[in-house]
1. Residue by residue through region 250-270, note down the ones that are under 25 Å from residue 48 (Cβ atoms) and out of contact with any strand residue (DSSP E or B) (no Cβ under 7 Å at 6 or more places or on another chain).
2. Cβ-Cβ distance below 6 Å, separation of 6 or more or different chains: which pairs start in region 228-240 with a residue that is over 19 Å from residue 148 (Cβ atoms) and end on one that is crowded, with 16+ Cβ neighbours inside 10 Å and at pLDDT below 95?
3. On the given criteria, is residue 156 in contact with a strand residue (DSSP E or B) (Cβ under 9 Å, 6 or more places away or on another chain) and without any contact (Cβ under 8 Å) to a residue 60 or more places away in the chain?
4. Kindly indicate whether any position in region 345-356 is more than 30 Å from residue 140 (Cβ to Cβ), without any contact (Cβ under 8 Å) to a residue 60 or more places away in the chain and in a loop (DSSP other than H, G, I, E, B).
5. I'd like the full set of residues that are farther than 12 Å from residue 323 by Cβ and within 14 Å of the ligand (Cβ to nearest atom), limited to region 85-104.
6. If residue 37 passes every condition in (1) in a helix (DSSP H, G or I); (2) surrounded by fewer than 17 Cβ atoms within 10 Å (Cβ to Cβ) but one, which one does it miss?
7. How many of the residues making up region 54-78 are modelled with pLDDT of 95 or more and out of contact with any helix residue (DSSP H, G or I) (no Cβ under 7 Å at 6 or more places or on another chain)?
8. Out of (1) touching a residue at least 40 places away in the same chain (Cβ under 8 Å); (2) within 18 Å of the chain's Cα centre (by Cα), what's the single condition that is false for residue 109?
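The values are calculated or read from the model by the stated rules, or taken from the named source; none is laboratory data. As the structure is a computational prediction, the values presented were derived from the model and not from experiment. All Cβ positions, glycine included, derive from the backbone under ideal geometry; neighbour counts span all protein chains shown.
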Ligand SMILES: Cc1cc2nc3c(=O)[nH]c(=O)nc-3n(C[C@H](O)[C@H](O)[C@H](O)COP(=O)(O)O)c2cc1C
């Protein structure tokens, strides 16, 4: 087995961006873990497209603007955040760093970020809250096969001070990553979901000879519209939904009273034929309405990427793999440093593009890069 380096406690001078963390991270985790983290579903088309979509846009500079009062603040679910970068729910973070999600939460707290804790976090949601009470935390909810377990998770998240729910809807079936399979990835014991450890597994569903593992198996336990309506009636927390792409679904969810949307392709790990989240974003914004909260994740790697997402309709962006890689390289320090880099990059782009506030970032600032249309990568 390839030895891995212990996490850094000081940052080298050449560690300056999300790309640098991506370059370094494979030294700090096992090759199979890297395959699990980096990979996507199917042919990884959606994974590649999610990045390529950002390359199709450039940003036009503006001159002579008075930006002395500029800032990156944004109002989200009744709170004012210092910057528009949130940490995506990423499962099993103890396989990336010994302190797992606690280190991620501390890194977020140090830089006014929001940690969205996965249902599949390796540490129980209460432990993360107790170790980083100062961190602004949201809880990502996967519906569980038994309603009473879903409700118990919700109550525990409320009791532990999670300020919003993010309900992930795009992966009732999650295709395996061929990259992870080929690398022999098996979830190590420390990566098992700590918040779910206390629940008995759901009763085994017996499938007949003609039954489909997908339809009569997994989808028979997947949430439906009735489950979502039920959930909304159970809590006063703001509920965002993650992974909703079709305008009809967006309108229906909006009518049901969801607080916001995370435009997402699950990091290219669900439907491989889904367009890039950045390309889906304008239609989701149009369907959700100007007042809705719309976040974007998938391929955000820089302040310029955040600028483009905001110009195309997002209020804020969510980062998955970059934060996981920063966690692997340098724990809380890495996560905090990554968020600071992203924020500073965004400030510089805003300054050069003549935008004093996030509200000033509009579609007019973007230039369609025809050369970038070659998505053969
Ligand atoms: C290793 C890994 C684990 C993930 N686990 C979850 C999860 O538990 N719940 C969830 O809603 N999304 C999960 N996601 C998706 C992320 O929340 C997010 O949508 C995606 O990573 C964003 O794309 P990016 O990695 O390009 O930033 C996971 C993604 C990765 C890479």
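1. Passing the criteria: 265, 266, 267, 268, 269, 270.
2. Short answer, once both residue conditions are applied: 238/77.
3. Yes; evaluated as a whole, the condition is true for this residue.
4. No - not one qualifying residue is present in region 345-356.
5. 91, 92, 94, 95, 100
6. With (1) in a helix (DSSP H, G or I); (2) surrounded by fewer than 17 Cβ atoms within 10 Å (Cβ to Cβ) applied to residue 37, the lone miss is (2).
7. Adding up the residues that qualify gives 12.
8. (1)
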